[in-house]
Each structure stands twice: as structure tokens, then as C-alpha cells.
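Before any comments, here is the structure.
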Amino acid sequence: MGRRAVAFDLDGTLLTLPVPWTELKLKVSKALSRPVYSFRDLFRELWGTEDYWTVSSMVEEAEVEAVSGSAMFSEAKTVLGGLATRFDIYLITLQSRRAADAALRFHGIRRLFRGLITREDGPDRPSQARVLVRRVGRAVSLVDDHLDQLVEVQAAGLGLREIWVCREGSIDCVRRAERLGFRGDVVRSLREVPLLLSGG
């Protein structure tokens with residue numbers, strides 16, 4: 001039996017990437033001659049078209065520029081370093097591959113990741129998770145701070161173990177999880193992830 005795998009989201013989970021989303025929405029709205037309210041919705045809609053890559057490129061430039069101002073959560077490097085001795089670690093993110101790679105290199109952790117699944121692989125978390133499962137081919141845990149995306153992955157029935165990093169108060173975390181019907185694990189910090197994975 002091979003080593004188990006764990007995939008981490010990037011922005012909000014491992015680090016904060018200060019992309020000027022409001023300005024970017026205005027810029028993309030002008031380029032498309034239509035209002036843009038949500039990049040998640042827009043990318044799903046545009047997947048498979050030339051406009052997808054045009055918008056992705058515009059967003060990528062802002063993401064790459066934001067890398068130098070990004071801040072990694074204090075525990076992330078230690079947690080990843082420890083897990084890398086026992087697990088194959090992947091990144092799964094709605095950022096572009098170039099931006100994700102730049103962020104990991106900027107913070108000195110790129111070598112810990114076996115592979116990156118990014119916006120080039122799929123426009124949303126369920127489609128990216130399918131790519132991850134095909135690539136890894138065995139049990140995978142998914143660690144993300146976006147509860148709505150984890151619920152979408154659960155609904156897709158891909159067999160992943162979903163772990164939500166909720167940095168709010170414990171009661172708020174429980175209430176949000178119950179409201180959305182989340183059936184995965186909830187942790188308050190990345191420090192809890194290794195212990196959770198060791199327990200099965």
C-alpha cells in the first residue's frame with residue numbers, strides 16, 4: 001500500500017494572497033462588456049471558451065503581483081514539513097499555476113508539494129478534485145478553508161476525506177457546518193491536521 005495523500009487549498013488555508021478583487025472585477029467587467037459579480041461563477045460559465053483563458057490571464061497578473069505581499073499562516077511551514085515525511089502533499093487551488101508556484105517558492109515550501117492542481121485543470125473545486133483523484137489514484141484528504149467548496153466536493157461523491165479549517169469561534173463553526181450539511185472534519189488550526197490524519 002502506497003503512502004496516503006493530502007491536498008491543501010492555497011489562499012486562506014496556507015497563506016493570504018492580497019489580490020485587489022474589487023478593482024479586478026471592474027477591469028474584467030470592462031473587458032467583457034458585462035458586469036462581473038463573482039469570479040467563481042464566471043469561471044464556471046466560461047470554462048471551455050477562449051474568454052476563460054483571457055480572463056484567467058488577467059486575474060493571473062494580479063495574483064502574481066500579490067505574491068510579494070502574501071503572508072503565510074505561522075504554523076503552515078512546520079505542519080507541511082512534518083506531513084511531507086509521511087504523506088504525498090498536493091496543492092489544489094483556484095489560483096493559476098504560475099501564481100501558485102510563485103507563492104510556494106516565495107515562502108520556501110514548493111519542494112514539499114508533489115503536484116499542483118490549479119485553475120488550468122478546472123474552473124471549480126469539484127472538477128479539480130476529480131483531477132486530483134485521477135492523478136493520485138488512492139485515498140486523499142482535502143484541507144480547505146472554503147466550506148462551500150468542500151460541500152460541493154462532498155456532493156460530487158468523489159470519496160475524499162474533507163477537512164474544513166474554520167478559524168472562527170467553535171460554536172460558529174459548528175453552526176455553519178450544520179447549516180450547509182457538511183459531514184467532514186472541522187479543525188480550528190492547521191496544527192490539528194497531522195493528528196487528525198494520524199488517527200485514520
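The values are calculated or read from the model by the stated rules, or taken from the named source; none is laboratory data. The shown structure was predicted, so the numbers you read here are calculated from the model rather than taken from an experiment. No Cβ is skipped: glycine too gets one built from the backbone with ideal geometry, and neighbour counts run over all protein chains shown.
Among the residues of the range 167-182, not a single one is without any contact (Cβ under 8 Å) to a residue 40 or more places away in the chain, in a strand (DSSP E or B) and closer than 19 Å to Leu80 by Cβ.
From the list Thr78, Thr49, the one residue that fits, being hydroxyl-bearing (Ser, Thr, Tyr), surrounded by fewer than 18 Cβ atoms within 10 Å (Cβ to Cβ) and under 21 Å from Leu196 (Cβ atoms), is Thr78.
Among the residues of the range 73-83, are any assigned to a loop (DSSP other than H, G, I, E, B), of a type in the set (A, V, I, L, M, F, W, C) and in contact with a helix residue (DSSP H, G or I) (Cβ under 8 Å, 6 or more places away or on another chain)? Scanning the range 73-83 turns up no residue that is assigned to a loop (DSSP other than H, G, I, E, B), of a type in the set (A, V, I, L, M, F, W, C) and in contact with a helix residue (DSSP H, G or I) (Cβ under 8 Å, 6 or more places away or on another chain). Condition check for Phe8 on (1) of a type in the set (Phe, Trp, Tyr); (2) more than 30 Å from Ser198 (Cβ to Cβ); (3) touching an Asp or Glu at 6+ places or on another chain (Cβ under 9 Å): one failure, at (2).
Could you list all residues from the range 76-130 that are β-branched (Val, Ile, Thr) and over 12 Å from the mean Cα position of the chain (by Cα)? Thr78, Val79, Thr85, Ile89, Ile109 - these are the residues of the range 76-130 that are β-branched (Val, Ile, Thr) and over 12 Å from the mean Cα position of the chain (by Cα). Given the structure, is Arg119 touching a Lys or Arg at 6+ places or on another chain (Cβ under 8 Å), under 23 Å from Thr16 (Cβ atoms), basic (Lys, Arg) and modelled with pLDDT of 95 or more? Spelling it out, Arg119 is indeed touching a Lys or Arg at 6+ places or on another chain (Cβ under 8 Å), under 23 Å from Thr16 (Cβ atoms), basic (Lys, Arg) and modelled with pLDDT of 95 or more. For the range 31-42, taking the residues that are of a type in the set (D, E, K, R) and surrounded by 11 or more Cβ atoms within 10 Å (Cβ to Cβ), the one that is farthest from Glu63 (Cα to Cα) is identified as Asp41.
Residues considered: Asp145, Asp124, Asp101. Of these, the only one that is charged (D, E, K, R) and touching a Cys at 6+ places or on another chain (Cβ under 8 Å) is Asp145.
Among the residues here, Val140 does not qualify as among the aliphatic types (A, V, I, L, M), touching a strand residue (DSSP E or B) at 6+ places or on another chain (Cβ under 8 Å) and under 30 Å from Glu50 (Cα atoms).
Taking the numbered list (1) more than 16 Å from the chain's Cα centre (by Cα); (2) surrounded by 14 or more Cβ atoms within 10 Å (Cβ to Cβ); (3) at pLDDT 95 or above in turn, Phe8 passes all entries but (1).
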